[in-house]
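**Student:** There's a structure below that I have some questions on.
The values are calculated or read from the model by the stated rules, or taken from the named source; none is laboratory data. As the structure is a computational prediction, the values presented were derived from the model and not from experiment. With ideal geometry, Cβ positions are generated from the backbone for all residues, glycine too; neighbour counts draw on all protein chains shown.
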Amino acid sequence: MSLITSSPRKRGSSRWLRFLDSRPEGGKGPLPLLGGNDVLGFLLLLVLLPSLAFAADRTPKPSIVIDKPGKCVSDVETMRREHPDMLKHQRDQTMHKGIRTPRFSLNGCVECHASTKTGSVLGDQGFCQSCHAYAGVKLDCFECHAAGPKLAAGTDRGAKP
Amino acid sequence: MSAEDKSKGVDRRGFLAISAAALGGVALAPGLRLIEIAGARAPDQAAAGTVRWGLLIDTNKCASGCDDCVKACATENGLHSTGHPRTDAQWIRKVELKDLRSGRAHSAPVMCQHCAEPPCVDVCPTGASFKRADGIVLVDRHTCIGCRYCILACPYKARSFVHEEHTDQNPNVPRGKGCVEGCTLCVHRVDRDQQPACVEACTKADHNAMTFGDLNDPKSEIAKRVAQFPTTKVRADLRLGTGVHYQGL
């Protein structure tokens with residue numbers, strides 16, 4: 001309450017007005033973006049931007065290690081693009097109709113793609129997780145589904161995301 | 001109506017009569033044929049509405065204190081204690097009953113009764129709780145929001161909520177935090193022509209108190225026994241058409 005009454009003039013309610021008021025000298029100084037130092041910064045950014053854009057090593061590529069070489073259920077391009085739809089379609093078929101064909105089953109994916117070292121598709125080097133981390137796509141299948149083939153009791157399967 | 005039309009009509013009627021007779025023959029004489037198809041369902045075939053999976057529990061053979069079925073269920077479905085027994089998932093439990101006047105005691109496992117008219121399905125706001133064509137009542141965890149209306153609606157207290165994260169699921173039985181779950185009649189096994197784990201364990205231990213099968217198939221063991229012996233459904237007054245029958249209660 002006291003903050004509002006002590007203000008030199010009535011503060012605007014919109015974000016833009018609040019931005020103007022945040023300027024130095026009680027809201028009467030120059031716009032912060034157009035300050036002398038910021039012009040220099042902007043020019044520097046213009047020079048650096050292309051080099052940043054082409055720095056391909058900034059993000060490490062996902063590790064795609066397939067321990068069990070063999071043919072996947074479809075070609076690589078199709079799998080990369082369509083695997084969520086394949087899994088989602090199969091999921092509804094299995095859940096509601098009891099259709100348990102092996103081709104697009106998540107268990108089938110996991111059996112082939114789980115690392116032989118960790119026994120899981122998760123982990124930094126895991127087939128699913130490494131790529132999903134790279135693409136920034138949340139992977140929540142394995143909050144419920146097993147991330148590896150059935151292992152002997154007590155075997156560590158690695159952390160879940 | 002011309003004479004030609006009349007004869008055509010008779011022909012059609014005759015044809016219908018013959019085909020009806022033929023169909024009747026197919027359905028009646030080799031009634032077992034339909035059953036064969038239902039029993040050995042191909043993996044790409046959808047669960048059929050002609051089948052009604054059910055359980056028959058003979059309480060005369062179910063020993064007090066025996067929990068072989070409960071243990072088998074836990075092993076098969078990956079139900080482990082989280083250290084919080086009050087909130088641990090419970091798909092099947094043993095219930096001990098005693099008539100105080102006569103002293104007659106019963107012991108029986110109680111699990112999801114797989115109702116024909118399941119109240120859990122009625123109340124589910126997302127359609128996650130559903131009944132499969134063959135009568136198995138399930139929770140689709142992909143659409144379950146964990147509201148737990150179904151837990152309240154179920155008169156058999158058959159549903160549980162998963163409170164904690166799980167990491168060591170059976171690949172065939174996905175389960176995790178935030179969803180409601182209950183007995184699935186071991187649907188992953190039934191789809192592969194196997195018996196539910198509890199029934200298998202009970203039979204293996206030579207108790208033979210549990211029978212699983214197709215109630216719609218008059219030649220199945222369960223249908224024969226339901227036809228031969230008096231059986232009860234728990235809370236039959238609710239008229240939910242449960243798939244689990246009790247003998248000797």
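**Student:** Take the residues of region B:142-155 that are out of contact with any Phe, Trp or Tyr (no Cβ under 7 Å at 6 or more places or on another chain) and surrounded by fewer than 20 Cβ atoms within 10 Å (Cβ to Cβ): which is nearest to the other protein chains (Cβ to nearest Cβ)?
**Tutor:** Only one residue tops the list, namely B:HIS142.
**Student:** Okay, moving on. Kindly evaluate B:VAL121 against the criterion of being in contact with a Phe, Trp or Tyr (Cβ under 9 Å, 6 or more places away or on another chain) and surrounded by 14 or more Cβ atoms within 10 Å (Cβ to Cβ).
**Tutor:** Yes; evaluated as a whole, the condition is true for this residue.
**Student:** Does at least one position in region B:156-175 carry a residue that is assigned to a helix (DSSP H, G or I) and either more than 14 Å from chain A (Cβ to nearest Cβ) or modelled with pLDDT of 95 or more (or both)?
**Tutor:** Checked against the condition, which is being assigned to a helix (DSSP H, G or I) and either more than 14 Å from chain A (Cβ to nearest Cβ) or modelled with pLDDT of 95 or more (or both), region B:156-175 yields no hits at all.
**Student:** Checking B:VAL139 against (1) surrounded by fewer than 21 Cβ atoms within 10 Å (Cβ to Cβ); (2) touching a helix residue (DSSP H, G or I) at 6+ places or on another chain (Cβ under 8 Å); (3) within 12 Å of chain A (Cβ to nearest Cβ), only one condition comes out false. Which one?
**Tutor:** Of everything listed in (1) surrounded by fewer than 21 Cβ atoms within 10 Å (Cβ to Cβ); (2) touching a helix residue (DSSP H, G or I) at 6+ places or on another chain (Cβ under 8 Å); (3) within 12 Å of chain A (Cβ to nearest Cβ), B:VAL139 misses just condition (1).
**Student:** Take the conditions more than 14 Å from every other protein chain (Cβ to nearest Cβ) and closer than 27 Å to B:CYS66 by Cβ and apply them to B:HIS188. Does it pass?
**Tutor:** Here the answer is no, as B:HIS188 does not meet what is asked.
**Student:** Only one of these is within 21 Å of the chain's Cα centre (by Cα), assigned to a loop (DSSP other than H, G, I, E, B) and within 14 Å of chain B (Cβ to nearest Cβ): A:GLY123, A:GLY119. Name it.
**Tutor:** Among A:GLY123, A:GLY119, only A:GLY123 is within 21 Å of the chain's Cα centre (by Cα), assigned to a loop (DSSP other than H, G, I, E, B) and within 14 Å of chain B (Cβ to nearest Cβ).
**Student:** Something else: Let me spell it out: the conditions are (1) within 14 Å of chain A (Cβ to nearest Cβ); (2) closer than 26 Å to B:ALA47 by Cα, and B:ALA89 meets all of them except one. Which number is the exception?
**Tutor:** (2)
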